[in-house]
Amino acid sequence: MAGFDFHGKTVWVTGAGKGIGYATALAFVEAGADVTGFDLAFDGDHYPFAVEVLDVADAQQVALVCRRVLEQQPRLDVLTTSRVWTCWSTRRVFCVWARPMR
């Protein structure tokens, strides 16, 4: 993300274990953001961002993990999703994430 400055910004990326999600998380890291990546699994031992194992189809797990992460770092500037959420209950929890952030 050449030309973008995300220093001081907090970014969450779902699907960050590999592929497009990983590339997205890495781009935000390179732009200076404090990134947390969420995925079902992370294959390697070292990622250049914080990782959280999470099944976004499990609404209860999403609520618990998000609450815990937000307690550690209460600011969230950007949320990117690299997975399609089709579960009704997950969409309900997603509405909590989608509240306006300042």
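The values are calculated or read from the model by the stated rules, or taken from the named source; none is laboratory data. Since the model is a prediction, treat every value here as computed from it, not as a measurement. Glycine gets a Cβ as well: all are built from the backbone with ideal geometry, and neighbour counts include every protein chain shown.
Listed values, structure above:
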{"read-out": "Count - residues of region 3-21 that are within 23 Å of ARG75 (Cβ to Cβ) and surrounded by 18 or more Cβ atoms within 10 Å (Cβ to Cβ)", "value": "9"}
{"read-out": "Members of region 25-78 that are charged (D, E, K, R) and under 14 Å from LYS9 (Cα atoms)", "value": "GLU30, ASP34, ARG75, ASP77"}
{"read-out": "Checking GLU52 against (1) surrounded by 19 or more Cβ atoms within 10 Å (Cβ to Cβ); (2) on the phi < 0 side of the Ramachandran plot, the condition it does not meet", "value": "(1)"}
{"read-out": "Wholly within region 5-102, strands (runs of 3 or more DSSP E) carrying at least 1 residues that are of a type in the set (D, E, K, R) and at pLDDT 90 or above", "value": "34-39, 50-53"}
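This table checks each residue for (1) within 16 Å of THR80 (Cβ to Cβ); (2) within 15 Å of the chain's Cα centre (by Cα).
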position	(1), (2)
HIS7	no, no
ALA16	yes, yes
ILE20	yes, yes
THR24	yes, yes
ALA33	yes, yes
GLY37	yes, yes
PHE49	yes, yes
VAL53	no, yes
